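Okay, structure first, notes after.
The numbers here are math on the coordinates, done by the rules we state, and not lab data. As the structure is a computational prediction, the values presented were derived from the model and not from experiment. With ideal geometry, Cβ positions are generated from the backbone for all residues, glycine too; neighbour counts draw on all protein chains shown.
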Amino acid sequence: EPEVTQTPSHQVTQMGQEVILRCVPISNHLYFYWYRQILGQKVEFLVSFYNNEISEKSEIFDDQFSVERPDGSNFTLKIRSTKLEDSAMYFCASSEVAGGPYEQYFGPGTRLTVT
Amino acid sequence: LAKTTQPISMDSYEGQEVNITCSHNNIATNDYITWYQQFPSQGPRFIIQGYKTKVTNEVASLFIPADRKSSTLSLPRVSLSDTAVYYCLVGDTGGGNKLTFGTGTQLKVEL
């Protein structure tokens, strides 16, 4: 069964540093997403991406965040200057074009720890 | 987005059937009802989706009454590995739409 993969599984960084979280969505999917989950809290939507541009973003996704699909397979989330409160699990997801079931496939997540 | 309400937690024993009910009084005509499952430190996983009446797959059944103001996820004969958080989501099925997760229902299955 095809799956979404994410690297690294765990990233530790110091406050103020830049991090890039990587995702490889399912190959025939065209919609891509990032979500995050702070420990013990809800899964929160960050951003959706389609046709090489952001479709929607949440209030969390401020100027410190950016997304990119640099090579047609990888989908990245960059945090320019990390803060302590960015510590969370970050999940990448992908889905097919509209018309199918409302199903997003999630990756295993990257645990980001900001110290 | 329709607000959903589901129990915070449920306990069960192996082999029992578990029914988790979700209330969504403000569901819109275009909205589908979707359930996801999440194990600790893993991403959510789609379980089942429906619009009305009953939907069944190899994992679960989803019961939706005619007024669609609630839905019930039914897990037959649960095992320890079904211990997870279960989320009820209500929304438009358009591709690219964000998922809005609530706090979900923590199901704990014991021997």
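Phi-derived couplings, Karplus 6.51 cos²θ - 1.76 cosθ + 1.60 at θ = phi - 60°, listed residue by residue for region B:64-71: 10, x, 4, 7, 6, 7, 8, 8 Hz, with x used for Gly and Pro. Residue farthest toward the positive end of the dipole of region B:1-94, with Cβ of Lys/Arg at +1 and Asp/Glu at -1: which of B:THR83, B:ILE64, B:SER41? Going by the charge dipole, the pick is B:ILE64.
Other residues whose C-beta falls under 9 angstrom from the C-beta of A:ARG80 contribute a net charge of -1, scoring Lys and Arg +1 and Asp and Glu -1. Its relative contact order, with pairs defined as Cα atoms under 8 Å and 6+ residues apart, puts chain B at 37 percent. Each 10 Å bin, from zero up to the one with the longest distance, holds this percent of the alpha carbon pairs of chain B: 15, 50, 30, 5, 0. Can you give the % of DSSP beta bridges in chain B that are antiparallel, to the nearest 5? The antiparallel proportion sits near 85 percent. In chain A, Cα pairs under 8 Å separated by at least six residues give a relative contact order of 39 percent. Other residues with beta-carbon under 14 Å from the beta-carbon of B:HIS24 carry, at +1 per Lys or Arg and -1 per Asp or Glu, a net charge of +1. Beta bridges from DSSP with both residues in the protein assembly as shown: antiparallel share about 85 percent, rounded to the nearest 5. The GluC sites (Glu not before Pro) of region B:1-63 that DSSP puts in a loop, and whose beta carbon has at most 12 other beta carbons within 10 Å, are B:GLU17, B:GLU58. Listed by chain and number, the lysines placed with their C-alpha closer than 20 angstrom to that of B:LYS69 are B:LYS3, B:LYS52, B:LYS54; residues fewer than eight positions away on the same chain are left out.
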